[in-house]
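Working notes, beginning with the structure itself.
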Amino acid sequence: PFGSTYISAGAWFNEKYYYSTVGMISGVAETFCSIDLATAEVKQIATLSGFSNKISDMTYDYSTGKTYAISGSMGGTSENGTSSLYTIDVATGATKMVGSLPHYFFTLAATYGGDLYGVSKYGDLYLIDKTGAGVTLVGSTGIHPTADSSMEFDHTDKTLYWTVNTVEDSSLFCRVDV
């Protein structure tokens, strides 16, 4: 059902998979959609606006019922890049910027208790403040990501999983100690 649609980020909750699409030429976030996997119904919830890049990753915070997303620019090789943290209203697709992050982040995941984690372009794991977008370094993963990446917690055992393409041209499925 997707044809040449580029899906840049997604999250599963409330019995649906929610995702954002990217313009194939612009590289900018375009739509916010959902798929009901039980019925296969695909629904465009909103046309996104206010983004200058794709949404890199999104996650659902069960403690608040909010969906969070990150979008940004990697910058040059020696730069940290930048990202911004957003909330997305899943009923309307309305977005609100929470704040600017000091690094480019490939990933975003929420614990069941509501802690947000992300991995920066240099492979460092950070705890992200969901109210002001401040960050606290947790530690290095030892892996340097490139291109698309995603992570999510298994809420049954609190394990953080990360799928990542690396600068060494490997594709990995990792378990991250938090």
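Against the numbered list (1) assigned to a strand (DSSP E or B); (2) closer than 28 Å to Ala46 by Cβ; (3) aliphatic (A, V, I, L, M); (4) free of Cβ contacts under 8 Å to residues at least 60 places away in the same chain, Val138 comes up short only at (2). Among the residues of the range 151-169, the ones that are at pLDDT 90 or above, in a strand (DSSP E or B) and either out of contact with any strand residue (DSSP E or B) (no Cβ under 6 Å at 6 or more places or on another chain) or among the hydroxyl-bearing types (Ser, Thr, Tyr) (or both) come to 3 in all.
Check whether at least one residue in the range 78-89 is free of Cβ contacts under 8 Å to residues at least 40 places away in the same chain, within 23 Å of Thr21 (Cβ to Cβ) and either in contact with a Cys (Cβ under 7 Å, 6 or more places away or on another chain) or part of a loop (DSSP other than H, G, I, E, B) (or both), and report yes or no. Yes, there is a match, as at least one residue in the range 78-89 is free of Cβ contacts under 8 Å to residues at least 40 places away in the same chain, within 23 Å of Thr21 (Cβ to Cβ) and either in contact with a Cys (Cβ under 7 Å, 6 or more places away or on another chain) or part of a loop (DSSP other than H, G, I, E, B) (or both). Scanning the range 82-98 for residues that are open to solvent by 10 Å² or more (accessible area, probe 1.4 Å) and of a type outside the set (Val, Ile, Thr) returns Ser84, Tyr86, Asp89, Ala91, Ala94, Lys96, Met97.
All conditions in (1) hydrophobic (A, V, I, L, M, F, W, C); (2) within 19 Å of Glu152 (Cβ to Cβ); (3) loosely packed, with under 14 Cβ neighbours inside 10 Å hold for Ile70, with the sole exception of (3).
Inspect all residues belonging to the range 146-164 and state whether any of them is touching a Pro at 6+ places or on another chain (Cβ under 9 Å), on the phi < 0 side of the Ramachandran plot, open to solvent by less than 40 Å² (accessible area, probe 1.4 Å) and among the aliphatic types (A, V, I, L, M). Checked the range 146-164: at least one residue is touching a Pro at 6+ places or on another chain (Cβ under 9 Å), on the phi < 0 side of the Ramachandran plot, open to solvent by less than 40 Å² (accessible area, probe 1.4 Å) and among the aliphatic types (A, V, I, L, M).
The values are calculated or read from the model by the stated rules, or taken from the named source; none is laboratory data. These figures come from a predicted structure and were not determined experimentally. Counting neighbours? That spans all protein chains shown, and the Cβs are built from the backbone with ideal geometry, glycine included. Quick note on the areas: whole protein, heavy atoms, side chains included, nothing else; ligands and nucleic acids left out. Shrake-Rupley method; radii C 1.70, N 1.55, O 1.52, S 1.80 Å.
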